[in-house]
Structures are given as structure tokens and as C-alpha cells.
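All remarks here apply to the structure that follows.
The values are calculated or read from the model by the stated rules, or taken from the named source; none is laboratory data. Keep in mind that this is a model prediction, so the values were computed, not measured. Note that each Cβ is placed from the backbone with ideal geometry, even for glycine, and that neighbours are counted across all protein chains shown.
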Amino acid sequence: MGGVPALPSRWALARVSGPSMSPTVKHGDRLLVARADRAHPGDVVLARFPARPELLVVKRVVREVEGGWWVEGDSPFVADDSRAFGPATVVGRVLLRLWPRPGRLPRSRP
């Protein structure tokens, strides 16, 4: 999709860096991600912004828009998401948190 690289394998492990998805996931959490290019509102995804394709972010899908997906963090205090960078390209869907609190993630913001 327009110069945004996909994940190199079907499955990936992601380590959360930063507070933008708190309290759903926190800095240091380890996530299991499945390669995907589609999503639904409410999904937590691994995404890239075409303007910053080297940056992988964990965000929640808000809606589909022209040019990709509108994604936002769950923290109201951090706006390093579509509000700053525009539409994103989804490269993976977060299936579950592996560590430190194993389990599925909620489909809506807390």
C-alpha cells in the first residue's frame, strides 16, 4: 500500500513503547499480532503512517477513511496518532497480550 511495508511474517510479537494506549496496554506489554490489512472499528492494531513508514504503532481503529484507517490511542493525553499523522495503514491485528497480564484486549476504549 503506497510504500508502507507489510509485516515480514504471518505472526509478530510487539513490545509496547510509550503511554498512548494506556490503560488498555501499557509500556512494556508484549502483544501477539497477526498480519492483516483489514480491521473493524474497535480493533487494536499494529499500523504505519505513510508519512512515517519506519514507525510501527499500536492504536485502536476508529473508522475507515479515504487513504486508510483513522486510528487513535486510548489515552486522551497523547495524540501521536491519526490526529497528528493522518490516515494509517493497518499491517496487523493485535490478538492478545502475552505479558505481563495475559489475555484478550477489550474491543472498546475503557
Any hit, segment 75-88, residues being hydrophobic (A, V, I, L, M, F, W, C) and part of a strand (DSSP E or B): yes
Give K26, K59 a once-over and let me know the one that is out of contact with any strand residue (DSSP E or B) (no Cβ under 9 Å at 6 or more places or on another chain) and charged (D, E, K, R). K26
Within segment 1-52, the residues that are touching a Lys or Arg at 6+ places or on another chain (Cβ under 8 Å) and among the small types (G, A, S) are A6, S9, A12, A14, S20, G28, A34, A36, A39, G42, A47
Scanning segment 64-86 for residues that are closer than 14 Å to R109 by Cα and touching a strand residue (DSSP E or B) at 6+ places or on another chain (Cβ under 9 Å), the one surrounded by the most Cβ atoms within 10 Å (Cβ to Cβ) turns out to be V71
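Of all the residues that make up segment 25-44, how many are in a loop (DSSP other than H, G, I, E, B), within 15 Å of P102 (Cα to Cα), in contact (Cβ under 8 Å) with a residue 24 or more places away in the chain and not small (G, A, S)?
2
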Looking only at segment 45-72, count every residue that is touching a Ser or Thr at 6+ places or on another chain (Cβ under 7 Å) and either on the phi > 0 side of the Ramachandran plot or in contact (Cβ under 8 Å) with a residue 24 or more places away in the chain (or both) and tell me the total. 5
Selection over segment 50-61 where residues are surrounded by 16 or more Cβ atoms within 10 Å (Cβ to Cβ) and part of a strand (DSSP E or B) yields a count of 6
Please tell me if E64 is acidic (D, E), modelled with pLDDT of 95 or more, in a strand (DSSP E or B) and over 12 Å from the mean Cα position of the chain (by Cα). yes
